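Single-structure report; data block below.
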Amino acid sequence: MTKLTEKEVIKAFIKRYAFRSSYKFFVPNCYYLPDNEADIFCIKPSLFTTEYEIKLTKADFFNDAKKQVIYEGMSEQKYSLLQNGKLEPNYFTYIIQEGIVDISDVPDFAGVYEAYESKAGILFRCVRKPKRLHGNKITSEQLIKHLSKMAYRYMDTLR
C-alpha cells in the first residue's frame, strides 16, 4: 500500500468530482469553526453542505473520534455535535485510505469513500453514503465567507 498524502487526495477528489457532482463549490482546508478545519467543504446550489475529512492512517482516524471543538463557548465532542445536527455541514463523509479501518469503526451518520491508487491515479470507491444531519441551509453570510476562503486558496496557487 502506497502512502498517500492529504494534498494528493484533495486534488484527486476535487478533480474527479468537480464536474460530475451536484456540488458547485469545493473549499479545501476550510475552517467553519475557529478550531475545526474541514479537509474539503462542499456547497450545493441548494445551499446544503458536506464536510469531507481525509484520514490516511488508523491512528489519525481514531484520534478524530476523540476530537473536541469549541461550540457556543464550551468544549464538546465533534462526533456528538455532528450527530445532533449542531454543526454547519448537512452531511459528513470520511475519505479513508483503503484498508486502514473497518467500516464498523466509522460512525453510522458518516459516509465513507475509500481512496486507492491505480494506474489511472488516485481513485475513490463509495462504501457508504452519509445520513443527513439536519435540514438547515447555510446563510448568505456563511456562503460569502466560504467563497472568500476559496478565492484566497486560488490566489495562493497563483503565487
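Bear in mind these aren't lab numbers, they're just calculated from the coordinates by the rules spelled out. This is a predicted model, so every value here is computed, not measured. Neighbour counts run over all protein chains shown; Cβ positions are idealised from the backbone, glycine included.
What the table below lists for this structure:
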| read-out | value |
| --- | --- |
| Tally of residues being touching a Phe, Trp or Tyr at 6+ places or on another chain (Cβ under 9 Å), assigned to a loop (DSSP other than H, G, I, E, B) and not aliphatic (A, V, I, L, M) across the stretch 137-148 | 1 |
| Hey, residue 102 free of Cβ contacts under 8 Å to residues at least 24 places away in the same chain, under 18 Å from residue 127 (Cβ atoms) and of a type in the set (D, E, K, R) or not | yes |
| Answer from 47, 33, 56, 87 - the residue that is aliphatic (A, V, I, L, M), surrounded by 17 or more Cβ atoms within 10 Å (Cβ to Cβ) and under 17 Å from residue 136 (Cβ atoms) | 87 |
| Residue 6 vs. criteria within 12 Å of the chain's Cα centre (by Cα) and free of Cβ contacts under 8 Å to residues at least 12 places away in the same chain | no |
| Filter pass, residue 109 being surrounded by 14 or more Cβ atoms within 10 Å (Cβ to Cβ), over 23 Å from residue 11 (Cβ atoms) and under 14 Å from the mean Cα position of the chain (by Cα) | yes |
| Only one of 95, 122 that is of a type in the set (Val, Ile, Thr), crowded, with 18+ Cβ neighbours inside 10 Å, over 16 Å from the mean Cα position of the chain (by Cα) and under 22 Å from residue 14 (Cβ atoms) | 122 |
